[in-house]
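Here is the structure we will look at.
The values are calculated or read from the model by the stated rules, or taken from the named source; none is laboratory data. Note that this is a predicted model, so its numbers are computed, not measured. Accessible surface areas use protein heavy atoms only, side chains included; no ligands, DNA or RNA. Shrake-Rupley method; radii C 1.70, N 1.55, O 1.52, S 1.80 Å.
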Amino acid sequence: MKLNIYEEASRCLLCEDAPCTQACRTGDPARAIRAIRFDNSKPALQWVKDCSDEDLERAEQVCIHSGGSINIKEILHNISQDDVDNSNYPDLHIIFCGIHCENPFFLASSAVCTNYDMVSRAFEAGWAGVFYKTICMQEIKEVSPRFDAMHNNDTHGDFYGFRNMEQLSENPVDLDFDILHRLKKDYPSKVVIASIMGQNEEEWICLAKKAEEAGCDAIELNFSCPQMKHKGMGSDVGQSQELVKKYTACVKRSVSIPVIPKMTPNITHIAEPAVAAVEAGADAISAINTIKSVTMAAEAEVAGQRTISGIQVVLYDQLPYVTFWNWHKPSRIHPSVV
(Lines give C-alpha, C1' and ligand atoms only; values in the text may rest on other atoms or scores of the structure.)
Protein backbone atom coordinates (compact mmCIF):
# COMPACT_ATOMS: atom_id res chain seq x y z
CA MET A 1 0.00 0.00 0.00
CA LYS A 2 1.31 3.43 -0.94
CA LEU A 3 2.19 5.59 2.03
CA ASN A 4 -0.17 8.48 2.71
CA ILE A 5 2.43 11.17 3.27
CA TYR A 6 0.01 13.52 5.02
CA GLU A 7 -1.17 10.89 7.50
CA GLU A 8 2.41 9.86 8.21
CA ALA A 9 3.56 13.47 8.61
CA SER A 10 0.68 14.11 11.04
CA ARG A 11 2.36 11.67 13.45
CA CYS A 12 5.25 14.11 13.90
CA LEU A 13 5.54 15.33 17.49
CA LEU A 14 6.90 18.73 16.39
CA CYS A 15 9.91 18.34 18.67
CA GLU A 16 11.85 21.37 19.76
CA ASP A 17 15.53 20.86 18.80
CA ALA A 18 14.32 17.82 16.86
CA PRO A 19 16.60 14.76 17.15
CA CYS A 20 16.03 13.92 13.47
CA THR A 21 17.46 17.22 12.32
CA GLN A 22 20.38 16.99 14.73
CA ALA A 23 21.21 13.52 13.43
CA CYS A 24 20.83 14.47 9.78
CA ARG A 25 23.41 17.28 9.84
CA THR A 26 22.98 18.17 6.13
CA GLY A 27 19.42 19.46 6.26
CA ASP A 28 16.34 20.02 8.37
CA PRO A 29 13.99 17.04 7.95
CA ALA A 30 11.91 18.17 10.93
CA ARG A 31 11.05 21.39 9.14
CA ALA A 32 10.28 19.52 5.92
CA ILE A 33 7.93 17.12 7.72
CA ARG A 34 6.30 20.02 9.53
CA ALA A 35 5.62 21.76 6.21
CA ILE A 36 3.94 18.63 4.84
CA ARG A 37 1.96 18.13 8.05
CA PHE A 38 0.44 21.58 7.72
CA ASP A 39 -0.44 21.03 4.04
CA ASN A 40 2.40 23.15 2.71
CA SER A 41 4.36 20.54 0.79
CA LYS A 42 5.60 22.87 -1.94
CA PRO A 43 8.62 24.20 -0.01
CA ALA A 44 9.29 20.98 1.92
CA LEU A 45 12.12 19.64 -0.20
CA GLN A 46 14.15 22.83 0.05
CA TRP A 47 14.96 21.91 3.65
CA VAL A 48 16.44 18.53 2.64
CA LYS A 49 17.79 19.26 -0.85
CA ASP A 50 21.36 18.35 0.19
CA CYS A 51 20.41 15.22 2.15
CA SER A 52 21.37 11.74 0.98
CA ASP A 53 19.30 8.64 1.72
CA GLU A 54 21.81 7.82 4.42
CA ASP A 55 21.20 11.20 6.04
CA LEU A 56 17.45 10.62 6.09
CA GLU A 57 17.83 7.06 7.38
CA ARG A 58 20.00 8.37 10.20
CA ALA A 59 17.27 10.92 11.00
CA GLU A 60 14.65 8.16 11.12
CA GLN A 61 16.70 6.06 13.52
CA VAL A 62 16.63 8.73 16.25
CA CYS A 63 12.90 9.56 15.95
CA ILE A 64 11.40 9.38 19.45
CA HIS A 65 7.78 8.65 18.46
CA SER A 66 6.45 5.95 20.77
CA GLY A 67 4.46 4.37 17.93
CA GLY A 68 7.54 3.80 15.83
CA SER A 69 9.81 6.05 13.84
CA ILE A 70 8.22 8.29 11.24
CA ASN A 71 9.10 7.19 7.70
CA ILE A 72 10.95 10.37 6.89
CA LYS A 73 12.74 9.11 3.79
CA GLU A 74 9.62 7.56 2.27
CA ILE A 75 7.53 10.68 2.96
CA LEU A 76 10.00 12.91 1.17
CA HIS A 77 10.50 10.49 -1.73
CA ASN A 78 6.74 10.36 -2.31
CA ILE A 79 6.20 14.10 -2.69
CA SER A 80 5.05 14.75 -6.23
CA GLN A 81 7.39 16.88 -8.28
CA ASP A 82 4.35 18.94 -9.25
CA ASP A 83 3.90 19.78 -5.58
CA VAL A 84 7.35 21.30 -5.29
CA ASP A 85 7.21 23.42 -8.41
CA ASN A 86 7.77 26.86 -6.96
CA SER A 87 7.01 28.59 -10.25
CA ASN A 88 3.37 28.89 -9.20
CA TYR A 89 4.20 30.90 -6.09
CA PRO A 90 2.96 34.49 -6.33
CA ASP A 91 5.53 37.21 -5.86
CA LEU A 92 4.70 38.95 -2.56
CA HIS A 93 7.50 41.49 -2.56
CA ILE A 94 6.67 45.14 -1.96
CA ILE A 95 8.56 48.43 -1.95
CA PHE A 96 7.94 50.29 1.31
CA CYS A 97 9.48 53.72 1.80
CA GLY A 98 11.92 52.82 -0.96
CA ILE A 99 12.93 49.60 0.85
CA HIS A 100 12.62 46.23 -0.88
CA CYS A 101 10.63 43.80 1.30
CA GLU A 102 10.29 40.08 0.56
CA ASN A 103 6.63 40.26 1.58
CA PRO A 104 4.38 42.65 3.52
CA PHE A 105 4.55 40.73 6.80
CA PHE A 106 6.47 42.37 9.66
CA LEU A 107 6.70 41.73 13.39
CA ALA A 108 5.12 44.64 15.24
CA SER A 109 7.07 46.38 17.99
CA SER A 110 5.93 44.32 20.96
CA ALA A 111 6.78 41.48 23.33
CA VAL A 112 7.34 39.10 20.39
CA CYS A 113 10.58 40.83 19.33
CA THR A 114 12.64 41.74 22.37
CA ASN A 115 15.91 39.95 21.60
CA TYR A 116 18.07 38.54 18.82
CA ASP A 117 16.83 34.94 18.99
CA MET A 118 13.15 35.84 18.76
CA VAL A 119 13.66 37.97 15.67
CA SER A 120 16.08 35.59 13.94
CA ARG A 121 13.64 32.70 14.31
CA ALA A 122 10.90 34.86 12.81
CA PHE A 123 13.15 35.77 9.88
CA GLU A 124 13.94 32.11 9.26
CA ALA A 125 10.22 31.34 9.35
CA GLY A 126 9.65 33.80 6.51
CA TRP A 127 8.82 37.16 8.07
CA ALA A 128 10.14 39.98 5.91
CA GLY A 129 11.08 42.39 8.67
CA VAL A 130 10.71 43.64 12.20
CA PHE A 131 9.75 46.79 14.01
CA TYR A 132 11.94 46.00 17.02
CA LYS A 133 10.69 46.54 20.59
CA THR A 134 10.80 50.27 21.37
CA ILE A 135 14.12 51.54 22.74
CA CYS A 136 14.34 54.46 25.18
CA MET A 137 16.90 56.07 27.50
CA GLN A 138 14.93 55.40 30.67
CA GLU A 139 15.26 52.27 32.81
CA ILE A 140 12.30 50.00 32.14
CA LYS A 141 11.11 47.25 34.45
CA GLU A 142 8.19 45.25 33.11
CA VAL A 143 5.50 43.83 35.34
CA SER A 144 3.79 40.47 35.15
CA PRO A 145 1.04 40.05 34.21
CA ARG A 146 1.06 43.06 31.92
CA PHE A 147 -2.47 44.23 32.57
CA ASP A 148 -4.36 45.22 35.69
CA ALA A 149 -7.94 45.62 36.82
CA MET A 150 -9.66 48.99 36.70
CA HIS A 151 -12.19 50.11 39.28
CA ASN A 152 -14.52 53.09 39.25
CA ASN A 153 -12.86 54.49 42.39
CA ASP A 154 -9.14 53.95 41.87
CA THR A 155 -8.53 50.53 43.47
CA HIS A 156 -12.00 50.24 44.98
CA GLY A 157 -15.54 50.00 43.71
CA ASP A 158 -16.94 48.16 40.71
CA PHE A 159 -14.48 46.46 38.39
CA TYR A 160 -15.12 47.71 34.87
CA GLY A 161 -12.18 46.81 32.66
CA PHE A 162 -8.54 45.99 31.98
CA ARG A 163 -5.65 48.42 31.54
CA ASN A 164 -2.65 47.56 29.40
CA MET A 165 0.72 47.81 31.17
CA GLU A 166 3.09 46.66 28.39
CA GLN A 167 6.09 49.00 28.34
CA LEU A 168 9.31 49.29 26.34
CA SER A 169 12.52 47.29 25.96
CA GLU A 170 14.17 46.35 29.26
CA ASN A 171 17.58 45.95 27.60
CA PRO A 172 20.34 48.56 27.93
CA VAL A 173 20.32 50.94 24.97
CA ASP A 174 23.70 49.81 23.60
CA LEU A 175 22.68 46.15 23.80
CA ASP A 176 19.54 46.76 21.75
CA PHE A 177 21.42 48.60 19.02
CA ASP A 178 24.05 45.85 18.99
CA ILE A 179 21.22 43.33 18.47
CA LEU A 180 19.84 45.41 15.60
CA HIS A 181 23.32 45.62 14.05
CA ARG A 182 23.80 41.85 14.27
CA LEU A 183 20.35 41.16 12.83
CA LYS A 184 21.03 43.31 9.79
CA LYS A 185 24.48 41.78 9.34
CA ASP A 186 23.22 38.20 9.63
CA TYR A 187 20.01 38.77 7.62
CA PRO A 188 20.88 41.41 5.01
CA SER A 189 17.78 40.70 2.90
CA LYS A 190 15.44 41.33 5.85
CA VAL A 191 14.15 44.74 6.90
CA VAL A 192 15.25 45.89 10.36
CA ILE A 193 13.44 48.91 11.77
CA ALA A 194 14.26 50.46 15.14
CA SER A 195 11.36 51.77 17.18
CA ILE A 196 12.49 54.57 19.48
CA MET A 197 11.01 56.90 22.12
CA GLY A 198 12.63 60.01 23.56
CA GLN A 199 11.65 62.38 26.34
CA ASN A 200 13.10 65.48 24.69
CA GLU A 201 14.60 66.55 21.38
CA GLU A 202 18.13 65.53 22.35
CA GLU A 203 17.05 61.97 23.19
CA TRP A 204 15.07 61.58 19.96
CA ILE A 205 18.08 62.69 17.91
CA CYS A 206 20.55 60.52 19.85
CA LEU A 207 18.43 57.37 19.49
CA ALA A 208 17.73 58.04 15.82
CA LYS A 209 21.45 58.43 15.04
CA LYS A 210 22.28 55.23 16.91
CA ALA A 211 19.68 53.39 14.84
CA GLU A 212 21.17 54.65 11.59
CA GLU A 213 24.71 53.80 12.75
CA ALA A 214 23.52 50.28 13.61
CA GLY A 215 22.50 49.79 9.98
CA CYS A 216 18.73 49.94 10.47
CA ASP A 217 16.65 50.39 7.33
CA ALA A 218 14.22 52.84 8.93
CA ILE A 219 13.10 54.34 12.24
CA GLU A 220 9.70 54.19 13.92
CA LEU A 221 8.88 57.06 16.29
CA ASN A 222 6.74 55.74 19.13
CA PHE A 223 4.27 58.55 19.84
CA SER A 224 1.71 56.10 21.08
CA CYS A 225 2.38 53.92 24.12
CA PRO A 226 -0.38 54.74 26.62
CA GLN A 227 1.21 53.35 29.78
CA MET A 228 4.51 55.21 30.17
CA LYS A 229 5.17 56.38 33.74
CA HIS A 230 7.37 59.23 32.51
CA LYS A 231 5.64 62.46 31.52
CA GLY A 232 6.09 63.79 28.02
CA MET A 233 6.48 60.34 26.44
CA GLY A 234 4.37 57.96 24.39
CA SER A 235 0.78 59.01 23.93
CA ASP A 236 1.48 62.24 25.82
CA VAL A 237 3.31 63.21 22.64
CA GLY A 238 0.94 61.49 20.24
CA GLN A 239 -2.00 63.56 21.50
CA SER A 240 -0.16 66.82 20.77
CA GLN A 241 0.09 67.93 17.15
CA GLU A 242 2.84 70.37 18.07
CA LEU A 243 5.06 67.76 19.72
CA VAL A 244 4.48 65.21 16.97
CA LYS A 245 5.52 67.77 14.38
CA LYS A 246 8.51 68.98 16.44
CA TYR A 247 10.00 65.55 17.14
CA THR A 248 9.32 64.18 13.66
CA ALA A 249 11.06 67.18 12.13
CA CYS A 250 14.12 66.98 14.39
CA VAL A 251 14.60 63.27 13.63
CA LYS A 252 14.15 63.84 9.89
CA ARG A 253 16.89 66.48 10.01
CA SER A 254 19.23 64.11 11.85
CA VAL A 255 19.13 60.95 9.73
CA SER A 256 18.88 59.95 6.09
CA ILE A 257 16.84 56.75 6.50
CA PRO A 258 13.00 56.73 6.40
CA VAL A 259 11.15 57.98 9.48
CA ILE A 260 7.79 56.45 10.42
CA PRO A 261 5.82 58.07 13.29
CA LYS A 262 3.41 55.75 15.10
CA MET A 263 0.05 57.23 16.05
CA THR A 264 -1.95 56.70 19.22
CA PRO A 265 -5.56 55.53 19.05
CA ASN A 266 -6.20 57.14 22.44
CA ILE A 267 -7.32 60.41 20.92
CA THR A 268 -10.53 61.80 19.47
CA HIS A 269 -9.20 62.63 16.00
CA ILE A 270 -6.24 60.45 15.01
CA ALA A 271 -5.85 62.26 11.69
CA GLU A 272 -4.72 65.50 13.33
CA PRO A 273 -1.32 64.30 14.66
CA ALA A 274 -0.91 62.19 11.51
CA VAL A 275 -1.22 65.30 9.34
CA ALA A 276 1.27 67.08 11.60
CA ALA A 277 3.75 64.21 11.12
CA VAL A 278 3.36 64.34 7.34
CA GLU A 279 3.88 68.10 7.36
CA ALA A 280 7.14 67.50 9.28
CA GLY A 281 8.40 65.17 6.56
CA ALA A 282 7.33 61.69 7.74
CA ASP A 283 7.93 58.99 5.12
CA ALA A 284 4.99 56.89 6.31
CA ILE A 285 2.53 56.60 9.19
CA SER A 286 2.25 53.59 11.49
CA ALA A 287 -1.27 53.27 12.85
CA ILE A 288 -2.31 52.19 15.36
CA ASN A 289 -0.55 51.18 18.55
CA THR A 290 -1.93 49.92 21.86
CA ILE A 291 -5.41 50.79 23.02
CA LYS A 292 -5.07 52.11 26.56
CA SER A 293 -7.73 49.90 28.09
CA VAL A 294 -10.69 47.68 27.40
CA THR A 295 -13.70 48.81 29.41
CA MET A 296 -17.08 47.38 30.17
CA ALA A 297 -20.10 49.65 30.28
CA ALA A 298 -23.77 49.24 31.05
CA GLU A 299 -24.47 49.69 27.34
CA ALA A 300 -22.59 46.44 26.70
CA GLU A 301 -24.69 44.39 29.09
CA VAL A 302 -25.90 40.99 27.96
CA ALA A 303 -28.43 39.16 30.15
CA GLY A 304 -27.79 41.67 32.94
CA GLN A 305 -24.02 41.26 32.94
CA ARG A 306 -21.32 43.47 31.43
CA THR A 307 -19.38 41.83 28.61
CA ILE A 308 -16.63 42.74 26.21
CA SER A 309 -14.62 40.63 23.74
CA GLY A 310 -15.68 37.30 25.17
CA ILE A 311 -14.94 38.38 28.75
CA GLN A 312 -17.82 38.32 31.18
CA VAL A 313 -17.90 39.98 34.59
CA VAL A 314 -19.79 37.87 37.12
CA LEU A 315 -20.42 38.49 40.82
CA TYR A 316 -19.67 35.56 43.11
CA ASP A 317 -20.38 36.25 46.78
CA GLN A 318 -20.43 39.99 45.99
CA LEU A 319 -16.87 39.87 44.62
CA PRO A 320 -16.25 40.55 40.94
CA TYR A 321 -14.74 37.71 39.00
CA VAL A 322 -13.78 37.60 35.36
CA THR A 323 -14.92 34.62 33.34
CA PHE A 324 -12.80 33.70 30.32
CA TRP A 325 -14.84 31.57 27.94
CA ASN A 326 -13.01 28.95 25.96
CA TRP A 327 -14.00 26.01 23.80
CA HIS A 328 -14.41 23.58 26.67
CA LYS A 329 -15.53 25.43 29.77
CA PRO A 330 -15.34 28.84 31.44
CA SER A 331 -12.68 29.56 34.00
CA ARG A 332 -12.63 32.44 36.44
CA ILE A 333 -10.13 34.57 38.27
CA HIS A 334 -10.44 37.41 40.73
CA PRO A 335 -9.04 40.76 39.54
CA SER A 336 -6.90 40.95 42.67
CA VAL A 337 -4.61 38.31 41.16
CA VAL A 338 -3.91 40.49 38.15
### Query
Just by accessible area at a 1.4 angstrom probe, what is the order of Trp47, Trp127, Trp204 from largest to smallest?
Trp127, Trp47, Trp204
### Task
Note down the accessible area of Ser256, probe 1.4 Å, to the nearest 10 Å².
100
### Query
Say the cut-off is 19 Å between C-alpha atoms; which of Lys133/Lys209; Lys133/Lys246; Lys42/Lys185; Lys184/Lys210; Lys209/Lys252; Lys184/Lys209 go over it?
Lys133/Lys246; Lys42/Lys185
## Note on the structure
Order by accessible surface, 1.4 Å probe, largest leading, for residues Lys42, Lys185, Lys209, Lys190 comes to Lys185, Lys209, Lys42, Lys190
### Summary
Probe 1.4 Å, all chains present, heavy atoms only: His181 accessible area in Å², nearest 10, is 90
### Query
If Leu45, Leu13, Leu56 are ordered by their accessible area, calculated over protein heavy atoms with a 1.4 Å probe, which sequence runs from highest to lowest?
Leu13, Leu45, Leu56
### Task
Keeping all protein chains in place, calculate the accessible area per residue for the stretch 1-141 (probe 1.4 angstrom), answer in Å².
57
### Query
How much accessible area does Met118 have with a 1.4 Å probe, in Å² rounded to the nearest 10?
70
